[in-house]
Amino acid sequence: MIKRTIYLMAAATTAFGLAACGNEAPPTTAAASVQAPASVSPTASTAPSSTAPAYITKKVGERAGITNTDGSPAVDFWVTKIAVDPKCGSYMSREAGKHTLLLDVTVKTYTEHDANSDINAFTVLPGLINPFAFSTTGADGVTNQAETDMCVEPKSLPSAYAANRTYTGQVALSTTAKSGTVQLTDGSGLFGPGAHGWEWSY
């Protein structure tokens, strides 16, 4: 099994909006390495059982990332904005009893040193930052798998990623929880046994 790490980046002082051209310079921050799942950041949420995903708590504008097996950075990504119940698009509507979450996301790729491996950061990225990998937990503590939203038309992220590029896009989710936390779960096995991921409050 290939062993990877996920690492935390210091929070940006302000959230960055998306540039009109679709690219923007990522915020300059310092990295602090975290071994997953052997060690957990002080800001990480501890899973209640060994079978539950272990989520690292992030703030909007704060980077998450994936390293190569040699410790070099492979991918950074960060949520720059979470809009709750934005205006629906023309001829589109929000399902009764549901709320729309529109996440603006920036992805920065570096060099994939493990390109010859069966599982590497670039091959799992399209499935990782994907509506079906998200869930939400409301104030009542109930966690539900997020659904693809039919109210807005998000700017899609690519289905394949190249090295040394910056991408911006959006993920639209439908949930019954108007406020709470949104979780992104990685179940690819990239970090070893079990599922791991990140979570943001909204």
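Amide hydrogen proximity for Thr176: with H placed 1.01 Å from N in the peptide plane, the residues at 5 or more positions away or on another chain lying under 5 Å are His99. Between the amide H of Ile56 and those of Ser45, Gly197, Trp198, Glu199, distances stay under 5 Å, these residues lying 5 or more places away or on another chain, with hydrogens modeled in the peptide plane. Peptides 84-94, 144-154 ranked from most to least packed give 144-154, 84-94, packing being the mean of other C-beta atoms within 10 angstrom over each peptide's residues. Here the label points at Ser159 and Cys88, each 7 Å from Cα along the C-beta direction, are separated by 2.8 nm in the simple model.
With a simple spin-label model that places each label point 7 Å from the Cα along the Cα-to-Cβ direction, the separation between Lys178 and Ser201 comes to 1.8 nm. The phi-based Karplus calculation (6.51 cos²θ - 1.76 cosθ + 1.60; θ = phi - 60°) puts the 3J(HN,Hα) values of the range 150-164 at 10, 9, 10, 10, x, 6, 6, 7, x, 8, 8, 10, 9, 6, 6 Hz, whole numbers, x for Gly and Pro.
For the range 96-113, putting each phi into the Karplus relation 6.51 cos²θ - 1.76 cosθ + 1.60 with θ = phi - 60° gives couplings of 4, x, 10, 10, 9, 10, 10, 9, 8, 10, 10, 10, 10, 9, 10, 9, 8, 7 Hz, in residue order, rounded to whole numbers and with x for Gly and Pro. Coupling constants for the range 126-142 follow from the phi torsions by the Karplus curve (6.51 cos²θ - 1.76 cosθ + 1.60, θ = phi - 60°), and in residue order they are x, x, 6, 8, 8, x, 6, 8, 9, 9, 10, 10, x, 4, 7, x, 7 Hz; glycine and proline get x. Between Lys155 and Gln170, the built amide H atoms are under 5 Å apart, and every one of these is 5 or more places off in sequence or on another chain. Given their separation in residues at 0.36 nm each and the Cα-Cα distance between them, Ile119 and Asn144 gain 6.2 nm when the chain is fully extended.
Readers should treat all values here as calculations from the given coordinates under stated rules, not as data from a laboratory. All values reported here derive from a predicted model rather than from experimental measurement. Glycine gets a Cβ as well: all are built from the backbone with ideal geometry, and neighbour counts include every protein chain shown.
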